[in-house]
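What follows is calculated from the coordinates using simple rules that are stated; it is not laboratory data. All values derive from a computational prediction rather than experimental measurement. Cβ: placed from backbone, ideal geometry, glycine included. Neighbour counts: every protein chain shown.
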Amino acid sequence: MLTVEDRVAAWELGSTAFGYRDRPMGEDWSPVKIGWISWGVFDADGRLLAKAVDLEQGQWFGGRVVPSCGLAGVAVAAESRNRGLGRIVLTRLFAEVRDRGAAIVSLFPTTPFPYRALGCEEVGALVHLSVQASALAAVRTPKSVTLRQATEADIPFVHDIYRTIASAGSGMMERSGPRFNDTPAELIADYHGITLAIGPEGAIEGYASWDRGSGYDETGSVTVYDLMGLTPDATAALVSMLGGWASVAPNVVLRLPPGDPALLQFSSIGATVHKRQPWMLRLVNAPAAVAARGWSPLLSGGVDLDLIDAVCPWNAGPHRLVLDGGDGVLEPGGSGAVRITERGLAQLYAGAADPATLRRAGMLTGGEPRDDDFLRTAFAGPVPALLDYF
Ligand SMILES: CC(C)(COP(=O)(O)OP(=O)(O)OC[C@H]1O[C@@H](n2cnc3c(N)ncnc32)[C@H](O)[C@@H]1OP(=O)(O)O)[C@@H](O)C(=O)NCCC(=O)NCCS
């Protein structure tokens, strides 16, 4: 584990790898702080050659928060790459985060290959969609909804709306804990606007957080970080507000979960992908990951799995997945009839791929058609979404 003594070496390794060497290191910057632990590999002379950061966070699956490690800041010194140091630091990090109680690891990779070699797989992508403001202006403003800027007193309601939507999704971040401890005043200061949609009864039914880019010619833009509507009218009012920028900011960049109801209100013909950031998942404690999430209370039954996992060997071997009354258990034992790789299990867990796809990808073998039916039904859920880049 890195300590505050390693701060200069860690900053130099990270800033060189990710291209911010010109930025001065903050006086209070440290590779270790609450909710943020760094791991490193040193050479015999004590030089830091590789590092990786564990961010303590949680992600929603099946209506429950699964304790998670956000993997970030993975860097190996230029002269030491391709010699197995990335593997060493990440293998150790997986064991350490499991010991501190994380069940899963997620990351936004700059390259998938080293992570695939360690059992992670892409399960979703954070997409910034670029839309003509004029397309949003075509959405009519509902008369029942009024808009106003958020004040500090409104921020708890804003968090509630986000949590209502995140808790119904797969993979969305739980925005509390050390990484999300901005005060209401700080949160309001983070954006040019947090617009609230107020319903006919006076309740906050939606919000949009946004920044206005510079200029008012054809390059003018508004970037929307969250657009969260609980009702069709709240969503329409917020979309229509964004359309109102058309004369001075003709481009709107929207960060939306896949299939969000806002996408059902305007024409996305001509919309382009402004930025796409895939994210990957790995189960570092498979029984804990199964126990922590929610499952359909309508499905009871089990399947015999054989988990392949060389990097986290405590996960490996025959296990029986049993679901009952909305809870899941993964216990050692059973026939191990259905063999599944770490990457296959990550895809299944997130609901990113079904058993038939995993068989074609070579990540699932053995078992009976009934096993595939059970797994497809058990892991079916919303398309995985993660809006918070780290
Ligand atoms: C990405 C990085 C951390 C990998 O570290 P590394 O020490 O070079 O990787 P390793 O030698 O431990 O390789 C681990 C595995 O990944 C594979 N791998 C590594 N880089 C790869 C690449 N570019 N393409 C395909 N496979 C790759 C290796 O073959 C190895 O697999 P194996 O053990 O099954 O043979 C390192 O190259 C780096 O610091 N790059 C610049 C910063 C960066 O991109 N960081 C990642 C941020 S998400």
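Rounded, prolate or oblate for the range 4-124? Axes are the square roots of the Cα gyration tensor eigenvalues, ordered a ≥ b ≥ c, and the cut-off for rounded is a/c under 1.5.
prolate
Which chymotrypsin sites (Phe, Trp or Tyr not before Pro) does the range 26-130 hold that lie in a coil by DSSP with at most 14 other beta carbons within 10 Å? Present the calculation step by step, with values, prior to reporting the outcome.
Values: sites: TRP29, TRP36, TRP39, PHE42, TRP60, PHE61, PHE94, TYR115; in loops: TRP29.
Here the chymotrypsin sites (Phe, Trp or Tyr not before Pro) that fit, given the DSSP loop and packing criteria, are TRP29.
Among VAL322, SER80, ALA150, which residue has its Cα furthest toward the positive end of the charge dipole of the chain, with +1 on Lys/Arg Cβ and -1 on Asp/Glu Cβ?
Working it through, the farthest residue towards the positive pole turns out to be SER80.
Figure the gain on full extension for ASN181 and ALA203 (residue separation times 0.36 nm, minus the Cα-Cα span) and round it to one decimal in nm.
On the way: separation 22, 0.36 × 22 = 7.92 nm, distance 2.47 nm.
So the extension gain works out to 5.5 nm.
Looking only at GluC sites (Glu not before Pro) in DSSP loops with at most 10 other Cβ atoms within 10 Å, what is the longest site-free stretch of the chain? Don't skip to the answer; put the middle values down first.
Values: sites that count: GLU27, GLU201, GLU218.
Excluding the exposed sites themselves, the longest stretch runs over 28-200.
Run the helix sum for the chain: -39,500 (n - 2.57) per DSSP H stretch of 4+ residues, divided by residue count, reported at 222 nm to the nearest 500 deg cm²/dmol.
So the calculated ellipticity at 222 nm is -7500 deg cm²/dmol.
What are the ³J(HN,Hα) couplings of the range 261-276, residue after residue, when phi is run through the Karplus curve with 6.51, -1.76, 1.60 and θ = phi - 60°? Round to Hz, x for glycine and proline.
x, 4, 5, 8, 9, 10, 7, 9, 5, x, 5, 10, 7, 6, 7, 9
What's the magnitude of the charge dipole for the chain around its Cα centre, counting Lys and Arg as +1 and Asp and Glu as -1 at the beta-carbon? Answer in Debye, nearest 20.
Details: 33 positive and 43 negative charges, 150 e Å.
Computed charge dipole of the chain: roughly 720 debye.
Can you list residues from other chains, or at least 5 along the same chain, whose modelled amide H is less than 5 Å from the amide H of VAL145?
It is none; the list stays empty.
Over the range 1-160, what is the mean sequence separation of C-alpha contacts under 8 Å (at least six apart), divided by residue count, expressed as relative contact order in percent?
16
Under the rule a/c < 1.5 gives rounded, and otherwise a/b versus b/c splits prolate from oblate, where does the range 1-63 land using the Cα gyration tensor?
Here the range 1-63 falls in the prolate category.
Helix 85-99 against the longest principal axis of the chain: what's the angle in degrees, Cα atoms only, rounded to the nearest 10?
Rounded to the nearest ten degrees, it is 80.
Along the charge dipole of the range 4-124, Cβ charges K/R +1 and D/E -1, which of GLY101, PHE18, PHE113 sits furthest on the positive end?
Farthest towards the positive pole: PHE113.
Taking the chain as a Gaussian network, where each spring joins two C-alpha atoms under 10 Å apart, which residue of ASP28, ASP373, ASP304 fluctuates the most?
Judging by the Gaussian network model, the answer is ASP28.
As an exercise, identify the chymotrypsin sites (Phe, Trp or Tyr not before Pro) in the range 182-265 lying in DSSP coil whose Cβ has no more than 15 other Cβ atoms within 10 Å.
Listed in order of number, the matching sites are TYR216.
Whole-Hz Karplus ³J(HN,Hα) for the range 277-282, in order, using 6.51 cos²θ - 1.76 cosθ + 1.60 and θ = phi - 60°, x for Gly and Pro?
For the range 277-282, the Karplus-derived couplings read 10, x, 10, 10, 9, 8 Hz, x marking Gly and Pro.
Name the longest site-free stretch of the chain, where the excluded sites are trypsin sites (Lys or Arg not before Pro) in a DSSP loop with no more than 16 other beta-carbon atoms within 10 Å.
Free of exposed loop sites, the longest segment is 144-390.
Based solely on C-alpha atoms, express the radius of gyration and the Dmax of the range 139-238 in angstrom.
14.2, 41
Report the gain in length on full extension from ALA310 to THR357: 0.36 nm times residue separation, minus Cα-Cα distance, nm rounded to one decimal.
Separation in residues times 0.36 nm, less the Cα-Cα distance, equals 14.7 nm.
What list of ³J(HN,Hα) values in whole Hz, one per residue of the range 16-30 in order, does the Karplus curve 6.51 cos²θ - 1.76 cosθ + 1.60 (θ = phi - 60°) give from phi, with Gly and Pro shown as x?
6, 5, 9, x, 10, 5, 6, 7, x, 6, x, 4, 9, 5, 8
Which residue, PHE42, GLY171, TRP29, has the largest displacement toward the positive end of the dipole of the chain when charges sit on each Cβ (Lys, Arg +1; Asp, Glu -1)?
Farthest towards the positive end: PHE42.
Which shape class applies to the chain: rounded if a/c is under 1.5, otherwise prolate when a/b exceeds b/c and oblate if not, where a ≥ b ≥ c are the square roots of the Cα gyration tensor eigenvalues?
Because a/c hits 1.5 or more and a/b fails to exceed b/c, the chain counts as oblate.
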